[in-house]
Amino acid sequence: MHAADSSLKTSLLEPRTGDPAQEFPLIIQPTSLAALTWAGAAAGTSAQSWRIGTVLSARPLGVNPQGMLVLQIGALTVETAIPGNPLPAQFQVRVLSLGAQPQLEQLTPSPADATFQRALRERLPQQNGYAPLLSTLDSLAQRPMLRQLPPQLRAALAMLENGMSTPVEITQGEGLRMAISRSGLFFESQLAQPQGDLPALVEQDWKGALLRLFGLLEQRPSAASASGRTDTAPPLLQRGLQAQARLPLPLFTDSESVAPLLDRLHGDVKAALARVEIVQLEASTLPAWMIEIPLQGDGGHDVLQLQLEYITDADDGGHGWTLGFALDLPALGPVQGELQLRDLRLSVRLWTETAMTAQRLERQFTPLRHRLSACGVLLDQLSCQVGLPQPSGRHSALLLQATA
């Protein structure tokens with residue numbers, strides 16, 4: 001059994017400072033072991049992280065039926081009596097001692113951590129996937145009254161459309177690299193480069209195009225503020241890969257004014273901007289990227305989701321990359337994949353929702369093997385399974401679900 005599957009019962013001692021109105025460091029001390037001894041846990045996957053002086057991320061998960069507070073600390077789930085002072089939604093602990101009863105000290109968050117958490121809490125209730133925005137854009141493009149929009153607004157809509165990649169482009173290495181570069185994740189860092197072409201960057205970058213469109217929509221006299229979501233979802237890396245299908249076009253009659261659709265577009269653009277900024281916030285604190293790329297599909301728009309992570313093997317110290325992707329195309333349905341590259345050895349696993357799609361993909365396996373062999377890549381595994389995997393974020397212990 002891995003350490004991540006274990007459960008430790010813990011006790012929280014009183015704060016070392018006497019004022020209960022403030023947040024002070026606490027000592028977290030495991031007192032008994034439920035499914036695994038501490039020695040076994042230390043010999044498992046958490047051996048490298050549970051060292052004296054190591055700082056681990058922690059978060060409350062809720063209260064179990066026995067009235068114990070459940071915490072996740074690093075890769076371990078622990079139970080504790082509910083403390084007198086409320087714990088923050090996310091905090092950090094430092095390992096003070098090991099042995100049968102390891103002690104962990106809760107750390108006071110730094111100003112930078114507090115700023116990060118505040119920015120994350122502000123954007124999580126606002127964010128939404130790109131599918132609603134793309135559906136609204138498709139509906140707006142089909143309406144004759146689109147020609148009556150102000151020239152600046154029509155130009156901003158065209159810029160947003162032109163900035164999207166095509167499926168053919170992302171099948172090429174350079175095309176995929178450019179799509180990732182223009183996904184909005186690197187917008188500010190590219191703006192800061194002295195040799196950069198700023199006008200071209202603003203036009204071609206997804207976030208730059210969203211910002212321009214949002215600024216114009218904000219100037220409309222009837223612009224309505226987008227309301228926050230009540231079912232606030234956790235950050236993207238915590239949720240893991242999820243294929244996003246196209247949404248039905250909004251229903252508007254030809255006789256209606258274009259204003260309701262522009263109000264809807266205003267909210268969708270604001271939600272998409274919050275989505276991009278959450279991805280940027282995650283990338284600043286975690287060794288992984290979650291990237292979403294809108295695509296100009298056949299008869300509509302689709303969303304390619306990528307998760308890129310640099311991995312260090314704890315056993316042999318080797319390094320490599322893991323690339324996950326999720327895509328939902330009308331002709332194939334949802335497809336998910338994971339590519340693991342270690343030196344020149346590659347493992348590829350695919351998942352589909354239907355057997356028919358799996359068969360279509362498997363017919364491409366032989367040409368793929370030949371192309372990889374020609375590039376000098378050794379293919380260790382190439383498989384396709386029917387049935388999508390359950391979404392799982394490898395970084396769920398580091399970021400947490402926020403509420404509006």
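Readers should treat all values here as calculations from the given coordinates under stated rules, not as data from a laboratory. In this text the structure is predicted, and so the values were computed from the model without any measurement. Using ideal geometry, Cβ is built from the backbone for each residue, glycine included, and neighbour counts are taken over all protein chains shown.
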For residue 297, the residues 5 or more places away or on another chain with a placed amide H closer than 5 Å to its own amide H are 302
Need one word for region 274-323: rounded, prolate or oblate. Basis is the Cα gyration tensor (sqrt eigenvalues a ≥ b ≥ c); a/c below 1.5 gives rounded, then a/b vs b/c decides. oblate
So for R0 = 35 Å, FRET eff. of residue 316-residue 382 from the Cβ-Cβ r, to 0.05, ends up at 0.90
For region 203-209, in residue order, the Karplus 3J(HN,Hα) values (coefficients 6.51, -1.76, 1.60; θ = phi - 60°; whole Hz; Gly and Pro = x) are 6, 8, 7, 4, 5, x, 5
Residues with beta-carbon under 14 Å from that of residue 166, excluding residue 166: net charge, scoring Lys, Arg +1 and Asp, Glu -1? -4
Please work out the FRET efficiency for the pair residue 356 and residue 108, using the Cβ-Cβ distance as r and a Förster radius of 45 Å; give the result to the nearest 0.05. 0.20
Most exposed to least, judged by fewest other Cβ atoms within 10 Å, 82, 311, 293 sort to 82, 311, 293
For region 259-273, in order, what is each residue's ³J(HN,Hα) by Karplus, 6.51 cos²θ - 1.76 cosθ + 1.60 with θ = phi - 60°, in whole Hz (x at glycine and Pro)? 4, x, 6, 5, 4, 5, 4, 4, x, 5, 5, 4, 5, 5, 5
Using amide H atoms built 1.01 Å from N in the peptide plane, name the residues 5+ places from residue 382, or on other chains, whose amide H lies under 5 Å from its own. 348
What order, most packed first, do the peptides 234-242, 149-157, 373-381, 277-285 have when packing is the mean number of other Cβ atoms within 10 Å of each residue? 234-242, 277-285, 149-157, 373-381
